[in-house]
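Derivation of every value follows stated rules applied to the coordinates shown; laboratory data play no part. Keep in mind that what you see is a predicted model, and the values were worked out from it rather than measured. Because the Cβ atoms are built from the backbone with ideal geometry, glycine has one as well, and the counts that use them run over all protein chains shown.
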There are 2 protein chains.
Amino acid sequence: MSKLLAVGTVAFDAIETPFGKTDKILGGSGSYIGLAASQFGIETGVVSVVGADFLAADLEMMNAKGINTDGVEVDQNGKTFFWSGKYHNDMNSRDTLVTELNVLETFTPVVPEDFKDAPIVMLGNLHPLTQASVLEQMTKRPKLVVLDTMNFWMDIALNDLHAVLKKVDVITINDEEARQLSGEYSLVNAAEKIHKMGPKYVVIKKGEHGALLFNQGKMFFAPALPLAEVFDPTGAGDTFAGGFCGYLAKTEDISFENMKNAIIYGSNLASFCVEKFGTARMQELTAAEVSNRLQAFKDLTQFDIKLS
Amino acid sequence: MSKLLAVGTVAFDAIETPFGKTDKILGGSGSYIGLAASQFGIETGVVSVVGADFLAADLEMMNAKGINTDGVEVDQNGKTFFWSGKYHNDMNSRDTLVTELNVLETFTPVVPEDFKDAPIVMLGNLHPLTQASVLEQMTKRPKLVVLDTMNFWMDIALNDLHAVLKKVDVITINDEEARQLSGEYSLVNAAEKIHKMGPKYVVIKKGEHGALLFNQGKMFFAPALPLAEVFDPTGAGDTFAGGFCGYLAKTEDISFENMKNAIIYGSNLASFCVEKFGTARMQELTAAEVSNRLQAFKDLTQFDIKLS
C-alpha cells in the first residue's frame with residue numbers, strides 16, 4: 001500500500017459563518033489533509049502535536065478512517081492549538097478572532113519509523129524550519145515533496161522559507177501569496193519566478209475561482225465546483241492538498257498528466273469540505289459520493305470541439 | 001452561409017493602461033462582436049450608428065473581414081460615440097474618463113432586409129428598448145437571441161430590461177451584474193433566478209476567472225487563458241460574446257453541448273483581444289493562431305482520470 005506522510009496541525013477551531021457558529025471542533029491542516037487522503041485507501045501518517053484537552057474520540061475517528069496517528073504527540077502539559085474565526089457574508093474573507101498556539105509553540109515533529117521512507121510527503125502550513133526538520137528525518141529522498149505555506153511565514157521567516165523551498169517539488173499557495181512571494185502580479189510570471197526558487201510544480205489556489213497547476217511553462221486549471229451554498233470554507237485548501245497528495249500516492253504516478261487528475265480530485269474533495277462545519281462532511285463522505293461528483297467535474301470542464 | 005445579426009456600438013475609444021495610451025481608436029461592442037464573429041467565415045451584419053467623424057478606413061477594414069455594415073448608419077450631423085477610460089495597475093478595474101453619447105443618443109436601429117431572417121441575433125450592450133426594437137423588426141423568430149447588458153441599465157431601465165429578457169434565449173452578464181440582477185450572491189442561485197426572467201441559458205463572465213454557462217441546472221465552465229501580460233482588457237467581453245455567437249452560427253447547432261464549445265471559442269478569441277490595444281489584435285488574427293490556441297485550452301482543461 002502506498003504511503004503518505006503529512007505534517008500539519010491537529011487543532012481546535014471555533015467558527016462563525018452567516019449560517020451559524022460552532023464551539024471548539026476538530027480542525028487543523030493535518031486533520032483535513034489526513035481525512036482527504038483517507039478517501040484513497042492509502043496509508044497516511046499524520047505528524048502533529050495536541051494537548052491534554054484533545055479528545056480521544058477525534059483520534060479514534062481518524063484511526064477508524066485508516067489514518068495513522070502514531071506521529072501525533074500528546075503533550076500532557078499543554079493545551080491544543082486553538083483558532084477562532086468569523087467569515088464575512090461573501091465567505092471570501094474572514095477575521096481571525098483568536099489564535100492560541102499552545103503546544104504548537106514548542107512543536108518538534110518526530111516522524112515515526114514506518115513513515116521515514118514514505119514516497120510522498122506533504123508539509124502542511126507550519127514554520128518553514130519545522131517543515132525542513134521533517135525532511136531531515138527521512139531515510140531516503142521522497143519521490144515527491146509537497147509544501148503548503150502562507151503570507152505569515154513570508155513576513156517573518158522568508159529566508160527559512162526560501163531554504164526549505166529548495167528541497168520541495170510542489171508548492172501549494174494562494175494567488176495573493178504567490179504574488180507576494182514572487183513580486184509578480186501575473187500568475188504566469190509568478191509561477192515562473194517560484195519555479196526558480198525550487199519547486200518544479202506550482203499550484204496556485206484561487207478559492208472559489210479554482211486552482212492552477214504550473215510546470216515549467218505547462219499549465220492546467222481545475223475549477224472549483226460552483227455551489228448554491230458554501231457553508232464553511234475552513235479547511236478547503238488543506239482538503240484540496242490532501243486530495244492532491246492522496247491521489248498521487250494511490251496511483252503512484254507523479255507525472256504532470258497525472259497531477260492534472262490529482263488537482264481535479266483535490267477540487268472534488270474540497271467541494272464537499274465546504275458543505276458543513278469543520279471536518280463534519282469529510283468524516284461522513286463516501287467513495288460513491290466522490291465518484292458521482294467526479295462526473296460533475298467532467299460535465300463542467302470536458303468539451304468536444306468538432307470544428308477543425 | 002449562416003447569418004448572424006449583431007447590434008451594438010461602433011465607436012471611438014481612447015484607452016490608457018499601465019503599458020501606454022491611445023488616441024481615438026476604433027472601439028464599441030458592435031466592432032468587437034463583428035471582428036470576433038468574422039473568424040468563422042459567416043455572414044455577420046452589424047447594426048449601429050456612427051457620426052461624420054468616423055473613418056471610412058475602419059468601415060472598409062470591417063467589410064474586408066466579411067462584416068456587412070449596411071446596417072451601420074452614418075449620421076452626417078453628429079459625432080461618433082466616444083468613450084475614454086484608464087485602467088488601474090491590476091487591470092481588473094478602470095475609471096471612465098469621458099463618455100460622449102453623441103449620435104447614440106437618438107439611435108434607432110434599422111435592420112437591413114437581408115438580416116431580418118437571421119437565425120442568430122446578438123443584442124450588444126445598449127438600452128433595453130433599443131435591443132427590443134431590433135427583435136421587433138425580425139420577420140421570423142430567430143433560433144437564438146443572445147443579449148448582453150450591464151449594471152447601468154439595471155439602475156435606470158430595469159422594467160425595460162425585464163421586458164426584453166422575456167424574449168431572450170441567452171444572457172451574457174458579468175458576475176457582479178448577475179448578483180445585482182438576481183439579488184443572489186451565489187452564482188448558481190443567481191443563474192436560477194435569471195432563468196425565471198426568461199433566458200434558458202445564462203452566461204456569467206468572470207473576466208480573468210473565466211465564464212460559466214448555466215442551463216436549467218446544467219453547468220459548464222470555460223477558463224480564461226492565463227496570460228503573462230494583459231495589455232488592454234477593452235472589448236474582451238464583447239469579443240467573447242462575438243466568438244460565442246459566431247461559433248453557434250457557423251456550426252448551426254444551438255444545443256447545450258455545442259454551447260460548451262462556443263464559450264471555449266469565446267474565451268479563445270478574448271485571450272487574443274487583450275494582447276494589444278483596442279481591436280488591433282483582432283484585426284490581424286489568423287485562423288491558424290486561433291486553432292493553435294484551441295490546443296492550449298484543451299491542455300489547460302482536459303483530463304483523463306484512470307482511477308474508478
Is it the case that the range B:221-228 has a residue that's in contact with a strand residue (DSSP E or B) (Cβ under 6 Å, 6 or more places away or on another chain), closer than 30 Å to A:Glu192 by Cα and hydrophobic (A, V, I, L, M, F, W, C)?
yes
Starting from the range A:194-223, take each residue that is within 25 Å of B:Ile204 (Cα to Cα) and list its partners that are aromatic (Phe, Trp, Tyr), counting only C-beta distances under 7 angstrom and pairs at least six apart or across chains.
A:Lys205/A:Phe240; A:Gly210/A:Phe221; A:Ala211/A:Phe240; A:Leu212/A:Phe221; A:Leu213/A:Tyr201; A:Leu213/A:Phe220; A:Pro223/B:Phe221
Residue identified as assigned to a strand (DSSP E or B) and touching a helix residue (DSSP H, G or I) at 6+ places or on another chain (Cβ under 6 Å) among A:Ser48, A:Ser84
A:Ser48
Here the residues within the range B:87-113 that are outside any loop (DSSP other than H, G, I, E, B), in contact with a Lys or Arg (Cβ under 8 Å, 6 or more places away or on another chain) and surrounded by 11 or more Cβ atoms within 10 Å (Cβ to Cβ) are B:Tyr87, B:Arg94, B:Leu97, B:Glu100, B:Asn102, B:Val103
Report yes if B:Phe256 is among the aromatic types (Phe, Trp, Tyr), touching a residue at least 40 places away in the same chain (Cβ under 8 Å) and surrounded by fewer than 19 Cβ atoms within 10 Å (Cβ to Cβ), otherwise no.
yes
Sort out which residues of the range B:59-81 are surrounded by fewer than 22 Cβ atoms within 10 Å (Cβ to Cβ) and assigned to a helix (DSSP H, G or I), and write them in order of number.
B:Leu59, B:Glu60, B:Met61, B:Asn63, B:Ala64
Could you list all residues from the range B:202-224 that are touching a Gly at 6+ places or on another chain (Cβ under 9 Å) and of a type outside the set (D, E, K, R)?
B:Val203, B:Gly207, B:His209, B:Gly210, B:Ala211, B:Phe221, B:Ala222, B:Pro223, B:Ala224
Sort out which residues of the range B:12-45 are in contact with a strand residue (DSSP E or B) (Cβ under 8 Å, 6 or more places away or on another chain), closer than 25 Å to B:Asn102 by Cβ, outside any loop (DSSP other than H, G, I, E, B) and not aliphatic (A, V, I, L, M), and write them in order of number.
B:Phe12, B:Asp13, B:Glu16, B:Thr17, B:Lys21, B:Gly27, B:Ser29, B:Gly30, B:Ser31, B:Gly34, B:Thr44, B:Gly45
Of (1) closer than 23 Å to A:Pro109 by Cβ; (2) outside any loop (DSSP other than H, G, I, E, B); (3) of a type outside the set (A, V, I, L, M), A:Thr9 satisfies every one except (2)
Mind checking whether some residue in the range B:225-247 is touching a helix residue (DSSP H, G or I) at 6+ places or on another chain (Cβ under 7 Å), of a type in the set (D, E, K, R) and surrounded by fewer than 21 Cβ atoms within 10 Å (Cβ to Cβ)?
no
Looking only at the range B:72-98, filter to residues that are without any contact (Cβ under 8 Å) to a residue 60 or more places away in the chain and closer than 21 Å to B:Phe115 by Cβ; which one of those is nearest to the chain's Cα centre (by Cα)?
B:Glu73
Out of all the residues in the range A:112-120, is one or more over 21 Å from A:Lys250 (Cα atoms), touching a residue at least 40 places away in the same chain (Cβ under 8 Å) and touching a helix residue (DSSP H, G or I) at 6+ places or on another chain (Cβ under 9 Å)?
no
For a quick check of your reading of the model, give me the residue pairs whose first member lies in the range A:287-300 and is at the interface with another protein chain (Cβ under 8 Å from one of its Cβ atoms), whose second is surrounded by 13 or more Cβ atoms within 10 Å (Cβ to Cβ) and of a type in the set (A, V, I, L, M), with beta-carbon atoms closer than 6 Å and at least 6 apart or on different chains.
A:Leu300/B:Met219
For the subset of the range A:170-183 comprising residues that are part of a helix (DSSP H, G or I) and polar (S, T, N, Q), which member is surrounded by the most Cβ atoms within 10 Å (Cβ to Cβ)?
A:Ser182
Hey, does the range B:266-280 have a residue that's assigned to a loop (DSSP other than H, G, I, E, B), surrounded by 15 or more Cβ atoms within 10 Å (Cβ to Cβ), in contact (Cβ under 8 Å) with a residue 12 or more places away in the chain and within 9 Å of another protein chain (Cβ to nearest Cβ)?
no
